[in-house]
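Scroll down for the structure; my scribbles are underneath it.
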Amino acid sequence: MNGRHDETIDAILDAAKSALDAAGPAISMIPGHFGGLNVAIGSLSKIIDMIQKTRENDSTRDELAHKLKRLADIIKNSTDEIQKRLSARDAPSGEKPGLVVVQGGPLAELLSRIDALDQTLQPLASLAEKLQLKLFLLRCLQYKRNARVLASLKSGIDEAISDFEFRGHIKIDTLISEVAVAMIQVQAGVVRIEKNQVAEEESRILEKLERADAHYQSYHNRDKEGVHPGTRQDLLREISEWVRGAKDVHPVYILSGAAGTGKSTIALEMAKRLDKEKLLGASFFFNRGEESLSCTRLVFTTIAHQLAITQPRLRQHIIRGARKHVESGHLSQMEFQAADLLEQPLKDVPGDHPPVVFILDAVDECTDRPPILISKMLNLLLQIASSVPFPLRILVTTRPEKHIQEVFLSPKFHDAVNIKRLHDIPPSIVTVDITRYLQDRIRDMLPETFVKAHRDAASCIAERANGLFIYAKTAVDFLSAHPRDADESLKILLSNEPTEEEAEFYEQLDKLYLAILRQSFQTFKNTARKARVQIVLGTIALLQEYMSPKAMAGLLQVPVDHILSVVENIESVVIRDTDDSQNGKLRPLHATFPQYLTHRQRCVDPDFYIDPAVHHGRLALACLNVLLGPQVLQRNPCQLEYPTRFKKGAAKSALRLDVHVPEHVEYACLHWAAHLQEADSRAEIQAAIDAFCSDKVLLWLEVLSYLDRLDIAVRTLLIARVWYEKHSPENIETTEILHDALRFVLEFFDIINICPEQIYVSALPQIPTCTLAKRHATRAEGEMKLITARDSHWGPCLRVIETQRGRLIGVKFHPNGQYIASCALHGQVDLWDATSGVHLMATSDYPGADSFDVSWEDRHVVSCWRGGNDVYFFNGEAGGQTQYLNSAENRLNSVAFTHDGLKFLTPVLDDFRVLVWDAQKLEVSSTIICERMISTPITFSMDGQRATSGSSRDVCIWDADKGTLLKLLVGHTDDVLSTVFFPDGNHVASGARDGTIRIWDVETEECLHVLPHSGPVNQVVVSPRGDLIASGSDMVRLWDARNPKCLATFQGHSSSVTSVSFSPTGDHLISGSWDGTVRIWDITDLTSEAATPPGHNATVTCLAFSNENDMVASGSADRRIIVWDTSSGKRLKTFEGHDSTIVDVAFSPDGKRLISTASHDRSRVWDIESGKMVMTINHRDAYLASYSPDGKWIVTGRRSLQSNPSSAASQADHSDLRLFRASDGLFEKDFNVATNVRNLILERLEFSSDSTLVYAVCTSSAVYAFDIRTGQAEPASNMKRSKPTQGEFMASPWDGWISLLGADHRTYPVCWLESSRRPAPVVYMGRLGMYMSKGHHLAIGSGTGRITLLDIFGAVSTISLAS
């Protein structure tokens, strides 16, 4: 019986333990501060364990077991209930909801009960441990004691149950219910906060995407109307069905039509409908009059931003792509925008996603130059639409422009595009739609009496519309403008007044415009009123971009009311983009209105005809007068505290351009030359240009830079100079300033674009002696001082384009001279504006290229790697599509297009075959078997029938179709590298590795002339007229082709010149080099001598300042030493006598003597005053030299210490260092480093301040100290290899910046050097670059030998060393 009873008690206690074991994990799943329950469970488990181990057989133990079980069940049920209640609202998938615990209320009461339970059970657990569990006999003796413990435990458990379950007469389950409700509310709040934080972070990512206000609902489109009810039904139905069509339907729908045929109306209507159905992903409505809406730069970022907002299921995909895009830094490159923001994110969207539509309206309004950028944009959109797995649709409206049509007609996208031409819709259908539109509008907007009296008005107007919806809209607006006069207005509209039409298509529209203008300005009350109307109409017609009435008034310098009085009378043809009458930009309702006003044959009323030459002149003068106004253009126009900081580091909010450069001032800065170009001759304009050039031209450049439109300056100055020379040739000074300003902006374009303040700090001090320099002879505040003399005149190099691509292998000029193409060794091809040098676009990176060619008319680029199997074909016609064409196992040599661009040829390396590729089908169409192997790129004669190439050391003339060898020209002694036909086809020029150009008579195979070079001739080209030859070698050389002699040498490249190309007019030459730059050379004036810069005839190899900082010495590979005066920049002395390159120079402490070392010569000491050598120093291979501070000693050192210790031991003059008496040059002592040290490279020699030690500083950071008295050498732990120190200047050979090292070890840009003044890129004195600074003076030696001395004190005073 007792056994069975014990079993029953044990079962009860086991059940209690199981309940507690189950409660523990449940507690861990509950968010919040319920850790006290775990402590209570631990205590209760201990009590149960002790009760199970005791074997007392009485009613107290029995009751206690039941109570323990009950308490365990209460705890288990409580935890289950809490968990159940909190999980009633699921957290987002994969997330564990957080919990914020608030003070007070039911939660506080529950936590208090848990704490009380814990406080009660812990002492009871300790008490339970007092139960006697030993042998049976001992338990019997302790029976009474155990009974008392059990009774106490029972009483304590009773109290715990009562307090936990019923304290305050509130049952625990009721309390839990209240707590759960409160916790769920808090939890929901936390989730909301987290969601808001995520949403804010996503919004910040999206805000980093610069975008345009191009949505169909933007203010720019507020006056556009959708399709009128009942019209265009068939077309709208067709487009709607296309949107919802099968997955394999054409993803792109092109709506093409002439101006005024309603394309934008249809686009707007579809945008409204699709937006309502949640199918519109994004819309971009181009607008020629708004900069952000007339370029491709913001198309992809705008679409991505809209897409993330309109399509919730796509938002996360776009956010991820945008985050990656922002982090990558390629924010402005179109191909990266398309890939990062759209193509890659949308590829992850499931295929069952509903259709999403992009709408691009009026693509023809995009005015990007070159047009290939527009083609590239369209190509990328087509590529995206074709590659995503779900139905992405793109609706495009456009006029049938050639460069746009070519993309859509590309074979690659044949299955992706459906083209709908509006002119293919039967005219009868269009007329019915226009009639319905007019009937409804007339009924809604005009008096009922008019409607009844003129029931046929709609049909009559529709007949005259000739299919132009713009005509119908303009007509009804005209009628409704003055409802009381509608009868009279209709008569005017329907009158048969004759007109000289330009084209029948616009005849009725022209009549309508004339009727509106006459009705609006029925009689000109006075001449002033007529002039006002003419000026306003002319301004609206000829403005280069839309402008508000307020800005127009500022430009024309008239009251804004004068503008409004005219505009308010023609609101049916001129509209505002906002409701603000003064600040809303004005624009013609349609492009046909300004075309009408400025066309003499179409606008037959002289009161309204705008003579373009006259009105352009008025606007040019207005622009110039604005810029000449007081305080309009001034230095530091944005009033920045630190204007020398880079533009990119200044927030747009800090620039406040809208305040400092108002709308009319910005317009005048950007467009004065566009009006000048079309203007007639007027004395007032000439005087305004004189004043502008005299005082404002540099300030104008500064503003253009802040506007990020410096590229406009080049074309503006060109236009202005041409116009001025034509109309005012007698004023030489202004013409010269225009020329100087053009050269100025070309020379310093990059630095002005980075920091406009550098116009004064760096650019002005470096320009040659010219009229512009004389006008600004007074030093500007904060500029660096050029101590050495200015150049005497501008050099032939117009522009240095720093491509940042590394080695260039080729450059090409566009046939019309507008563009330059360059190809880098790693394969990237770039397109540059040939006038300004601005980068326009880049192809994708290829694995590499050392041959490339361009078919400009077809916008195709091909390149290949010598020895590779692939041709890389860039199709600009298809908007930038790149394809890799594999030639199977053939190793290719080079690539070249035929003249017609239909084929390109790739000779096979070390083979007799030439592969002929079809440039349209992109496949090998034939193979030519040649009689000789081809080793150079192929070039063709003008008629395309013959080809020439190099074959090892010979020049071959081929039949271009058959490959038959026609002529073999023999004479070069090393490999031919380049060949080219003269325009006459009878002569060929070839350049070779033997350092010569040979000119050949093709017919006789005779070498007519040999033109010598100092190294291999990488390329030879002939000018379009055949009178000049240019060659690329160690430099660029220009030759007279008829009487072969060198006309000019163009230096400036710091590495081998790999390619040259003439402009189509033959007045410019471009060159590309392994130094990564493209240089544009002016070859129109070859009579003036090139400016001779101060310095040496070869690269500068060493520099030294005197102790008093009054002199600088320079040594060079030309074996001369020159001493310069640091205050005047004049040459004091030139020392000659060494028979090898000078490697080091050092002044004596008193500045009276100079020691020099040479690469293969004895060191020499020179007397500076007399200019004579006073002694030689006998130390074979001496590399560096130094005077001791007390002037007693000279030390010399070899470059490589202990490189040959055996020789050093046998020949004293091979010692590492040698010490000499400075007074007479007598040898004193040899120093050698330890024999176990090998190949230390000496970087610097120094004496200690007391002249007792010589320090040899090595490039490995090792420093050895030599004791003059003992000759002993030991490592100098207290000396370290020098590093730049605070306040020291550093000059970069690569980017030209002179920087100052701040106390925070950061470098701060101070001023900038143009390329010819930059230090030679060598390691000198432990630093990269041939320069040396002392105080605020800087001496720089270039690779060409130029010496530049600068005083940078003024420039340093303007910079901020704050971060």
>> Test of understanding: extend the Cα→C-beta vector of residue 258 to 7 Å, then name every residue of segment 401-431 with backbone N under 13 Å from that spot.
In response: 422-425, 427
>> With n ≥ 4 as the cut-off for DSSP H runs, can you work out [θ] at 222 nm for the chain, using -39500 (n - 2.57) per run divided by the number of residues, rounded to the nearest 500?
In response: -11000 deg cm²/dmol
> Between rounded, prolate and oblate, where does segment 569-687 land on the alpha carbon gyration tensor, with a ≥ b ≥ c its root eigenvalues, rounded for a/c under 1.5, else prolate if a/b exceeds b/c?
Replying inline: oblate
> How big is D for segment 1133-1274, in µm² s⁻¹ as a whole number, if Stokes-Einstein is applied with the Kirkwood radius of its Cα pairs at 37 °C and 0.692 mPa s?
Replying inline: 218
> Just the C-alpha atoms of segment 1005-1055: what Rg/Rh do they give, with Rh taken as the Kirkwood radius?
Replying inline: 0.97
> When the scattering of segment 358-464 is computed by the Debye formula from its Cα atoms alone, each counted once and equally, what is log10 I(q)/I(0) at q = 0.11, 0.13, 0.17, 0.22 Å⁻¹?
Replying inline: -0.56, -0.68, -0.84, -1.13
> Can you pull the three principal axis extents for the Cα set of segment 641-790, in Å, largest first?
Replying inline: 43, 42, 21
>> Using alpha carbons only, how many angstrom separate the centre of segment 614-692 from the centre of segment 799-836?
In response: 31
> Going from the alpha-carbon gyration tensor of segment 214-334, what semi-axes, largest first and in whole Å, does one get by taking the root of 5 times each eigenvalue?
Replying inline: 27, 19, 13
> Can you give the convex hull volume per residue for the Cα atoms of segment 853-957, as a whole number of Å³?
Replying inline: 89
>> Assuming 0.36 nm per residue, please report the length gained on full extension of the stretch residue 204 to residue 857 beyond their Cα-Cα distance.
In response: 230.7 nm
> Where does segment 205-270 land on the Kirkwood hydrodynamic radius, alpha-carbon pairs, in angstrom?
Replying inline: 14.2
> If the limit is 26 Å between Cα atoms, which of 647/696; 696/1130; 402/726; 67/130 go over it?
Replying inline: 696/1130; 402/726
> Taking the inverse of the average 1/r across all pairs of different Cα atoms in segment 1082-1191, what Kirkwood radius in Å do you get?
Replying inline: 14.6
> Can you put 917, 865 in order of accessible area, largest first, using a 1.4 Å probe?
Replying inline: 865, 917
> What is the Cα centroid distance between segment 996-1044 and segment 326-400, reported in whole angstrom?
Replying inline: 48
> Could the peptides 1304-1314, 307-317, 440-450 be put in order, highest first, of the mean number of other beta-carbon atoms found within 10 Å of their residues?
Replying inline: 1304-1314, 307-317, 440-450
> Taking a temperature of 20 °C and a viscosity of 1.002 mPa s, what whole-number D in µm²/s does Stokes-Einstein yield for the chain with Rh from Kirkwood over alpha carbon pairs?
Replying inline: 54
> What order, most packed first, do the peptides 837-843, 593-599 have when packing is the mean number of other Cβ atoms within 10 Å of each residue?
Replying inline: 593-599, 837-843
>> Give me the 1.4 Å probe accessible area per residue for segment 340-494, excluding ligands and nucleic acids, in Å².
In response: 40
> In a Debye calculation with equal point scatterers on the alpha-carbon sites of segment 1098-1163 and no solvent, what is log10 I(q)/I(0) at q = 0.22 Å⁻¹?
Replying inline: -0.84
>> Ratio of alpha-carbon Rg to the 2.2 N^0.38 Å globular estimate for segment 711-864, to two decimals, please.
In response: 1.25
>> If every alpha-carbon in segment 1014-1168 counts as one equal scatterer, what log10 I(q)/I(0) does Debye give at q = 0.16 1/Å?
In response: -0.88
> By per-residue mean of other Cβ atoms within 10 Å, what is the highest-first order of 1222-1228, 830-836?
Replying inline: 830-836, 1222-1228
> Just how much of residue 935 is accessible, in Å², when a 1.4 Å probe is used and the result is rounded to the nearest 10?
Replying inline: 40
>> Pairwise over distinct Cα atoms, reciprocal of the mean inverse distance: report the Kirkwood radius of segment 641-725 in Å, one decimal place.
In response: 14.2
> Roughly how many Å² is the accessible area per residue of segment 803-933, as a whole number, for a 1.4 Å probe?
Replying inline: 38
>> Output wanted: per-residue J couplings in Hz (rounded whole) for segment 369-384, from phi through Karplus 6.51 cos²θ - 1.76 cosθ + 1.60, θ = phi - 60°, x for Gly and Pro.
In response: 10, x, x, 4, 5, 5, 4, 5, 4, 5, 4, 5, 5, 4, 5, 5
>> Viscosity 1.306 mPa s, temperature 10 °C: what is the translational diffusion coefficient of segment 434-478 from Stokes-Einstein with a Kirkwood Rh over Cα pairs, rounded to a whole number of µm²/s?
In response: 155
> Expressed as a whole percentage, what fraction of the accessible surface of the chain belongs to carbon and sulfur atoms when a 1.4 Å probe is rolled over the protein heavy atoms?
Replying inline: 49
> Tell me, what is the Rg over Rh of segment 357-415, with Rh the Kirkwood radius over Cα pairs?
Replying inline: 0.95
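The values are calculated or read from the model by the stated rules, or taken from the named source; none is laboratory data. Nothing here was measured: the structure is a model prediction, and the numbers come from that model. Virtual Cβ from ideal backbone geometry, glycine too; neighbours counted across all protein chains shown. Just the protein is used for accessible areas: all its heavy atoms, side chains included, with ligands, DNA and RNA removed. Shrake-Rupley method; radii C 1.70, N 1.55, O 1.52, S 1.80 Å.
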